[in-house]
Amino acid sequence: MKKMMIALIVMVMMTMSVNAQSDNMTSASFDRISNFLELRIDQVEPMKTAMEQFNSSMEAYYQLDDVSKGGEAWEKIQARHKATIKKILDVKQYDKYVKMLDLTVKNTADRIKEQLSASK
């Protein structure tokens with residue numbers, strides 16, 4: 001069961017990475033996030049940088065050879081990203097961002113579970 005969860009986390013993050021690698025998708029996604037969070041002008045560039053750093057961390061995460069450390073590495077990446085975002089956004093914006101991020105991860109995990117179930 002533990003291996004299944006780690007594999008699931010890895011697949012979720014791989015899916016998110018594929019979506020983030022497209023320049024058009026990244027730009028469109030950032031515009032939607034920016035509008036949703038109602039970013040101020042002074043928040044736009046720091047937010048872009050934080051999201052680029054998160055994507056870079058995720059790319060490094062996919063290079064992990066030891067799948068057993070995947071869950072721990074994901075938790076560290078996520079915690080570091082949330083701490084960075086918390087410095088940029090106000091409380092209301094941060095709460096919205098965390099809900100959005102958590103929901104995205106949950107929905108992606110559910111979709112992958114469905115795909116795994118369908119393939120068996």
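For this structure, a couple of remarks:
- Some residue of segment 89-107 being among the charged types (D, E, K, R), at pLDDT 95 or above and surrounded by fewer than 11 Cβ atoms within 10 Å (Cβ to Cβ): yes
- Segment 52-75, residues that are modelled with pLDDT of 80 or more and under 15 Å from ASP102 (Cα atoms): PHE54, GLU75
- Apart from one condition, MET11 fits all of (1) modelled with pLDDT of 60 or more; (2) in a helix (DSSP H, G or I); (3) open to solvent by less than 80 Å² (accessible area, probe 1.4 Å); the exception is (1).
- Every residue from segment 30-54 that is open to solvent by 100 Å² or more (accessible area, probe 1.4 Å) and not in a helix (DSSP H, G or I): GLU38, ARG40
The values are calculated or read from the model by the stated rules, or taken from the named source; none is laboratory data. It should be emphasised that the depicted structure is a prediction, and the values quoted were computed from it without experimental measurement. When we count neighbours, we look across all protein chains shown, and the Cβ atoms used for this are built from the backbone with ideal geometry, even at glycine. The protein model used for the area step is the full one, side chains on, heavy atoms only, and it has no ligands, DNA or RNA in it. Shrake-Rupley method; radii C 1.70, N 1.55, O 1.52, S 1.80 Å.
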